[in-house]
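> If you scroll down you'll find the structure; I have some questions about it.
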Amino acid sequence: MLSIIKTRLKQGCRTIKFPDRGFPLPKNYLGKPVIKKCSKCQKCQTICPVSCISESNNGISIDIGKCIFCRKCFQVCEEGAIQFEKTYELAEFSRSNLIYSTEMKKQESLLNKEIKRVFGRSLKLRQVSAGGCNACEADCNVLETVGWDMGRFGIQFVASPRHADAILITGPITKNMELALKKTYDALASPKLVITVGACAISGGIFAESSEVLCGVKKFYNVDLYIPGCPPHPATILHGLLKLIGKISE
Amino acid sequence: MNNSEHFTKMRNTESRDLSKIPILKNSVFFESIKSHCSKGLRVSSYFSFLNSKKQNQLIIVLADDESSYFLVSSTIIEGREFPSLAIELPQIQLFEREIAEQFGLIPEGHPRFYPVRFHHSYTESDAWNRNKKHSIKPSVIDFTDVIGNDIHEVAVGPVHAGVIEPGHFRFHCFGEKVFNLQISLGYQHRGIEKMLIGGPDKKTLHLIETVAGDSTIANTIAYSQIIESLSGYQGITLSSLLTRAILLELERMANHVGDIGALSNDVAFLPTSSYCGRIRGDFLNLTAEFCGNRFGRRAILPGGIAFQLDTELLSRFKQRFCKIFDEFKSAAELFFSSTSTMERLDGCGVLEKKIAKEIGVVGLVARATGIHCDSRFNFPSGIFNFTQIPIVFFDSGDVLARALVRYHEAINSGKFILEQSSNLFEENKASSLFLDYKLKPNSLSLSMVEAWRGETLHIAITDCKGRFIRYKIVDPSFHNWTALEVVLRNELIYNFPLCNKSFNLSYCGHDL
């Protein structure tokens, strides 16, 4: 008993003051892309392993719903037209907002007042991994630890889909998980939300060309929240969830 | 031909011309596998590929832990059948089923002839004569039946209660006692091995990174060693090798710490559970300090490492590491000094050494039964050729042994990192430029790395143009899932979460 108390004192209170004080991101972390006008030399397009770069009016555009943040594009760019900010606020309500280009004027992500009213104080999540490599899953899991303590915002993972308000999907949706995913989705009571975490779940990511996967969730359900990354940082996921239920605004 | 010519001997990370790999007569091939395994060699990999004449060529890789050599040999299968060795050599059973599923060859006399991952074969022929036009339903097989009054069946998954990957477990119980557990996986099958054929290309490294997200570093090191070996690259610096080893040990610590936390959660000892959950995250954040990603993605490249080391980073790393290491020790000591939790782990889920050897268990599960099997020591590569981390092993083979192996390995890795990180120095050359490599044509290369679960083996075979015609990945989980089934026999069903957590095997690493 005494040793438990002693260890407790040593370990201290370690919950992060999120979102007020943010989270110190590592030096080499890549977040939001910032794109300048360029000569469209196509070097970045050629080297991108997931074909997330395409040409737009003044240069290029990057789709972070596909991007695995491999940093090859800005290493290869001689004009310095591609930079990545050190920000973790990447989650969006609409797929088109994940595409960044030079002239992009992002549509305001409008908070759905109905979502805030119904789920604002309590959001229970049923996570389903459908081919996820365990990195996205681990970054979801970590939100339940004392460090992030997602429960303080009223958000929790639950075991039964019957208890859940939202299904949180990771992985590129393997053919072998298609049926199980559908059954889980159907078991959620309405109104229900769909959250996709990671490049695989949003677009198939690195597995987009595999014959064994169905390339993300979009084909099946209306997605309410896209959380991009490979895998997304826990701060990105938590920020997205809080944004969804209107606990923070941009 | 005498016995030694039946196999070619290869060291870890060596590559060999395909013509130097013996092609034996079928009967000689299967006999010599049996005779070598009876002398204590292990099956590290056994797979098929379509050679330049479009024949099915079976390759066997046996590991000789004593001499640190891999014994490689092959044979060509003319028809659709090959003899199964599974009854005499249980450790080979899953490999035979994998060959059947991937290339449509039938292992005759296999006692458990089910698909492994439930996908269509790479060739025209299908071992179960399933129609290519129809989709395959996962886990639709004849499960082993246990018949009798009051026997009940418990089916769990594919979707589990926690935030984990999918898999199906079928228990047959009498009351709370489990008579039989059968595990059916394949839900995570993404077709990685098939996608790797024709590489290396711009996708290859990133596919390797996602083989198993929690073993990213081990897998990328194994892949990089293959490319370095096949391209004959000699320019890798000692500092890069050391950095790779430090990242690998960080990965091991993060996962071992997480598992100790998860075990204490399963026995409802909440202090250590909550501390270790956080400390695991801290170790991942340390990895991110180097490369920006918590799982070590974009950290390792063929040719070296993908980031720059500078003095500021190194001093900050060391400072933070000491603090986290200290916190881990205090959290774990609390767990292992609590009598009630130790009582719960002691004698639970026992795997006997004899059975472990029979089913070819590797990694920390093997070490917890007293088998001296650690590829950092037995098949060293990279910096482990020059420096060693002491092997940890326990004899009892129960959950407690697996927890203790984790604890002591984490401590040893921590000491290694503390000791070696002072040898790292500022290096300005990020080796991202190593892109235009040309691989030796018609060669076979193998590379083994001790991931935190156990040995991860990569084998690449190139065609006449130096492209992969086969890239085989053997995750340690592939060897170890059978052990979990065995451990549950006659165990109580409420001990399943604890046993499962003490193995903590990878679903995606198995399903690929």
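The values are calculated or read from the model by the stated rules, or taken from the named source; none is laboratory data. In this text the structure is predicted, and so the values were computed from the model without any measurement. Using ideal geometry, Cβ is built from the backbone for each residue, glycine included, and neighbour counts are taken over all protein chains shown. Ligands, DNA and RNA are excluded from the accessible area calculation, which covers all protein heavy atoms including side chains. Shrake-Rupley method; radii C 1.70, N 1.55, O 1.52, S 1.80 Å.
> Please identify the pairs in which a residue from the stretch B:299-319 that is farther than 22 Å from B:Lys438 by Cα has its Cβ atom under 6 Å from the Cβ atom of a residue that is of a type in the set (D, E, K, R) and open to solvent by less than 40 Å² (accessible area, probe 1.4 Å), counting only partners at least 6 apart or on another chain.
B:Leu309/B:Glu427; B:Phe317/B:Glu289
> Can I ask one more? When you go through B:Ser45, B:Ser84, B:Ser32 one by one, which is the residue that is within 20 Å of B:Asp475 (Cα to Cα) and not β-branched (Val, Ile, Thr)? Show your work before the answer.
Values: B:Ser84 fails: within 20 Å of B:Asp475 (Cα to Cα); B:Ser32 fails: within 20 Å of B:Asp475 (Cα to Cα).
It is B:Ser45.
> Also: For the stretch A:119-133, which residues satisfy the criterion of being assigned to a loop (DSSP other than H, G, I, E, B) and either facing chain B (nearest Cβ under 7 Å) or farther than 15 Å from A:Leu241 by Cβ (or both)?
If the condition is that a residue be assigned to a loop (DSSP other than H, G, I, E, B) and either facing chain B (nearest Cβ under 7 Å) or farther than 15 Å from A:Leu241 by Cβ (or both), then A:Ala130, A:Gly131, A:Gly132, A:Cys133 are the ones that fit.
> Related question: Can you tell me which residues in the stretch B:8-33 are surrounded by 14 or more Cβ atoms within 10 Å (Cβ to Cβ) and in a helix (DSSP H, G or I)?
B:Leu18, B:Asn26, B:Val28, B:Phe29, B:Phe30, B:Glu31, B:Ser32, B:Ile33
> Among the residues of the stretch B:270-299, what is the count of those that are closer than 23 Å to B:Gly454 by Cβ and either open to solvent by 20 Å² or more (accessible area, probe 1.4 Å) or at pLDDT 95 or above (or both)?
Qualifying residue count, the stretch B:270-299: 1.
> How many of the residues making up the stretch B:233-265 are away from every other protein chain (no Cβ under 13 Å) and within 18 Å of B:Val405 (Cα to Cα)?
8
> Return the total of residues in the stretch A:37-56 being in contact with an Asp or Glu (Cβ under 6 Å, 6 or more places away or on another chain) and open to solvent by less than 20 Å² (accessible area, probe 1.4 Å).
1
> A follow-up question, please. Select from the stretch B:361-410 the residues that are out of contact with any helix residue (DSSP H, G or I) (no Cβ under 7 Å at 6 or more places or on another chain) and in a helix (DSSP H, G or I) and write down the one among them that is surrounded by the fewest Cβ atoms within 10 Å (Cβ to Cβ).
Only one residue tops the list, namely B:Asn385.
> Moving on. Could you tell me whether any residue of the stretch B:94-112 is of a type in the set (Val, Ile, Thr) and more than 14 Å from chain A (Cβ to nearest Cβ)?
Filtering the stretch B:94-112 for residues of a type in the set (Val, Ile, Thr) gives B:99, B:106.
After this cut, where a residue has to be more than 14 Å from chain A (Cβ to nearest Cβ) as well, the list is B:99, B:106.
For the stretch B:94-112, residues of a type in the set (Val, Ile, Thr) and more than 14 Å from chain A (Cβ to nearest Cβ): present.
> Here's something else I'd like to know. Hey, could you check the stretch B:117-145 for residues that are closer than 15 Å to A:Ala180 by Cβ and polar (S, T, N, Q) and say which is surrounded by the fewest Cβ atoms within 10 Å (Cβ to Cβ)?
By that ranking, first place goes to B:Ser135.
> Among what's in the stretch B:273-311 and is at the interface with chain A (Cβ under 9 Å from one of its Cβ atoms) and among the acidic types (Asp, Glu), pick the residue that is nearest to B:Gly414 (Cα to Cα).
Among residues in the stretch B:273-311 that are at the interface with chain A (Cβ under 9 Å from one of its Cβ atoms) and among the acidic types (Asp, Glu), the one nearest to B:Gly414 (Cα to Cα) is B:Asp282.
> Next question, about the same structure. What's the number of the condition B:Ile226 fails, among (1) in contact with a Pro (Cβ under 7 Å, 6 or more places away or on another chain); (2) open to solvent by less than 10 Å² (accessible area, probe 1.4 Å)?
Here B:Ile226 clears every test but (1).
> Look through the stretch A:162-204, keep the residues that are more than 21 Å from A:Cys133 (Cβ to Cβ) and among the acidic types (Asp, Glu), and return whichever of them is farthest from the other protein chains (Cβ to nearest Cβ).
Step by step, filter the stretch A:162-204, then rank; the result is A:Asp165.
> Still on this structure: If we keep just the residues of the stretch A:224-247 that are among the charged types (D, E, K, R) and outside any helix (DSSP H, G or I), which is nearest to the other protein chains (Cβ to nearest Cβ)?
Across the stretch A:224-247, the extreme among qualifying residues is A:Asp224.
> Among the candidates B:Ile208, B:Ile226, B:Ile183, B:Ile192, which residue alone is away from chain A (no Cβ under 11 Å) and within 15 Å of B:Phe468 (Cβ to Cβ)? I'd like the intermediate steps shown before the answer.
Values: B:Ile208 fails: away from chain A (no Cβ under 11 Å); B:Ile183 fails: within 15 Å of B:Phe468 (Cβ to Cβ); B:Ile192 fails: away from chain A (no Cβ under 11 Å).
That would be B:Ile226, the only listed residue that is away from chain A (no Cβ under 11 Å) and within 15 Å of B:Phe468 (Cβ to Cβ).
> Among the numbered conditions (1) of a type outside the set (Gly, Ala, Ser); (2) modelled with pLDDT of 90 or more; (3) surrounded by fewer than 21 Cβ atoms within 10 Å (Cβ to Cβ), tell me where B:Val267 comes up short.
Every condition holds for B:Val267 apart from (3).
> Here is a follow-up. Going by what's in this entry, would A:Thr46 be described as within 27 Å of the chain's Cα centre (by Cα), hydroxyl-bearing (Ser, Thr, Tyr) and at pLDDT 85 or above?
yes
> If you don't mind, another one. For A:Tyr29, work out the one condition from (1) of a type in the set (Ser, Thr, Tyr); (2) in a helix (DSSP H, G or I); (3) surrounded by 14 or more Cβ atoms within 10 Å (Cβ to Cβ) it doesn't fulfil.
(2)
> With respect to the numbered conditions (1) facing another protein chain (nearest Cβ under 7 Å); (2) within 16 Å of the chain's Cα centre (by Cα), which one is the sole condition not fulfilled by A:Ala159?
(2)
> Tell me, please, whether a residue that is in contact with a Phe, Trp or Tyr (Cβ under 8 Å, 6 or more places away or on another chain), at negative phi, within 14 Å of chain A (Cβ to nearest Cβ) and assigned to a loop (DSSP other than H, G, I, E, B) can be found in the stretch B:336-355.
Among the residues of the stretch B:336-355, at least one is in contact with a Phe, Trp or Tyr (Cβ under 8 Å, 6 or more places away or on another chain), at negative phi, within 14 Å of chain A (Cβ to nearest Cβ) and assigned to a loop (DSSP other than H, G, I, E, B), which makes the answer yes.
> May I ask you to verify whether B:Leu286 is within 20 Å of A:Leu143 (Cα to Cα) and either charged (D, E, K, R) or assigned to a helix (DSSP H, G or I) (or both)?
In short, yes.
> For the stretch A:182-219, name all the residues that are in a helix (DSSP H, G or I) and surrounded by fewer than 24 Cβ atoms within 10 Å (Cβ to Cβ).
Correct list: A:Lys182, A:Lys183, A:Thr184, A:Tyr185, A:Asp186, A:Ala187.
> Among B:Lys501, B:Lys465, which is out of contact with any strand residue (DSSP E or B) (no Cβ under 8 Å at 6 or more places or on another chain), among the basic types (Lys, Arg) and more than 14 Å from chain A (Cβ to nearest Cβ)?
Numbers: B:Lys501 fails: more than 14 Å from chain A (Cβ to nearest Cβ).
Going through B:Lys501, B:Lys465 in turn, the sole match is B:Lys465.
> Among (1) aliphatic (A, V, I, L, M); (2) more than 22 Å from B:Ser443 (Cβ to Cβ); (3) open to solvent by 10 Å² or more (accessible area, probe 1.4 Å); (4) not in a helix (DSSP H, G or I), which single condition is B:Ala86 missing?
(3)
> In the stretch B:337-360, how many residues are closer than 30 Å to A:Lys6 by Cα and open to solvent by less than 10 Å² (accessible area, probe 1.4 Å)?
Number of matching residues: 3.
> Of A:Gly65, A:Gly59, which residue is open to solvent by less than 10 Å² (accessible area, probe 1.4 Å), under 20 Å from A:Lys243 (Cα atoms) and not hydroxyl-bearing (Ser, Thr, Tyr)?
A:Gly65
> Please go through the stretch A:1-44 and pick out each residue that is away from chain B (no Cβ under 11 Å) and in contact with a Cys (Cβ under 9 Å, 6 or more places away or on another chain).
The answer is A:Pro33, A:Cys38, A:Cys41, A:Lys43, A:Cys44.
> From A:Cys136, A:Cys140, which residue is open to solvent by less than 40 Å² (accessible area, probe 1.4 Å), under 30 Å from B:Asn255 (Cα atoms), more than 7 Å from every other protein chain (Cβ to nearest Cβ) and in contact with a Ser or Thr (Cβ under 8 Å, 6 or more places away or on another chain)?
A:Cys136
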